[in-house]
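Reading through the structure tokens given below for one structure.
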Amino acid sequence: MSFLRRYLVAGLLVWLPLGATFLVINLLVSWMDTSLLLLPEAYRPDNLFGFHIPGLGVLLSLLILLLTGLVAANLFGRKLVSMWERLLARIPLVRSVYSAVKQMVETMFADKGKSFRKVVLVEFPRRGLWTLAFLTSEENGAVQQVTGRDVVNVYIPTTPNPTGGYFVLVPKEDIREVDMSVDDGLKMLLSMGAVNPDDGLAEAEVKP
């Protein structure tokens, strides 16, 4: 039995990561292939070639993003985007969602952005229990005035699905910075602690 178990586990270690990777990539490719629906029906690859070619939607999606970026980066494009945003700003619910998502994307993808660039430890859900979290922002002017304390924005993801979680305002002195990359932090969360990076913990508090 120990002989069989040894080789069964070895086989699982080969196939499970490959299977999970294939499923994720297949899901992303299938989702991006829906961009082909933007083409006129007569010019869609399935109708032109008579069979489905996976991945063409990925190329089309990248091309759309590239062309959109080229247009939005010049003066005329910026004016169009500005007009579009002013139009959305007049729609009550839409303006709130659009502005929030835009600010989040700009912060996350900015070269000097600090969101989701640091892994920290916070005591959650109670004192004495520590959990991994991601520092999202260190600027909270209005909250600082109300609480009278220097607090930072922290996102505490759930495991094994990090897309859900909690947004918590934590005093700076109550968090600890971890000497760990964001990728390693995500691996640890996704594996429910089974994968432990070799990085140690930094004793220093998060610097302003």
Subject >> Residue that is modelled with the lowest pLDDT [pool: residues in the stretch 186-208 that are within 18 Å of L129 (Cβ to Cβ) and in a loop (DSSP other than H, G, I, E, B)] >> reply: N196
Subject >> Among (1) part of a helix (DSSP H, G or I); (2) touching a Pro at 6+ places or on another chain (Cβ under 8 Å); (3) among the charged types (D, E, K, R) - the single one D183 does not satisfy >> reply: (2)
Original post:
So is A10 more than 30 Å from S191 (Cβ to Cβ) and surrounded by fewer than 11 Cβ atoms within 10 Å (Cβ to Cβ) or not?
Top reply: no
Original post:
Which pairs have Cβ atoms under 7 Å, sit 6 or more apart or on different chains, and link a residue in the stretch 27-40 that is farther than 10 Å from L60 by Cα to one that is surrounded by 15 or more Cβ atoms within 10 Å (Cβ to Cβ) and β-branched (V, I, T)?
Top reply: V29/V58
**OP:** Might you let me know whether the stretch 52-64 holds any residue that is farther than 30 Å from N161 by Cα, of a type outside the set (D, E, K, R) and at pLDDT below 85?
**Re:** yes
**OP:** Tell me, yes or no, whether the stretch 13-20 has at least one residue that is of a type in the set (V, I, T), open to solvent by less than 100 Å² (accessible area, probe 1.4 Å) and closer than 29 Å to V195 by Cα.
**Re:** yes
Original post:
Just one of the numbered conditions (1) open to solvent by less than 80 Å² (accessible area, probe 1.4 Å); (2) within 28 Å of Y155 (Cβ to Cβ) is not true of L65; which one?
Top reply: (1)
Subject >> Within the stretch 169-180, considering residues that are part of a strand (DSSP E or B) and open to solvent by 40 Å² or more (accessible area, probe 1.4 Å), the one farthest from R127 (Cα to Cα) >> reply: E177
**OP:** Within the stretch 90-112, identify whether any single residue is under 19 Å from the mean Cα position of the chain (by Cα) and farther than 30 Å from S137 by Cα, and answer yes or no.
**Re:** no
**OP:** Evaluate the following for A10: is it modelled with pLDDT under 85, in contact with a Leu (Cβ under 9 Å, 6 or more places away or on another chain) and part of a helix (DSSP H, G or I)?
**Re:** no
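The values are calculated or read from the model by the stated rules, or taken from the named source; none is laboratory data. As the structure is a computational prediction, the values presented were derived from the model and not from experiment. Heads up, the Cβs are rebuilt from the backbone with ideal geometry, glycines too, and the neighbour counts pull from every protein chain shown. Keep in mind that these areas ignore ligands, DNA and RNA; they rest on the heavy atoms of the full protein, side chains included. Shrake-Rupley method; radii C 1.70, N 1.55, O 1.52, S 1.80 Å.
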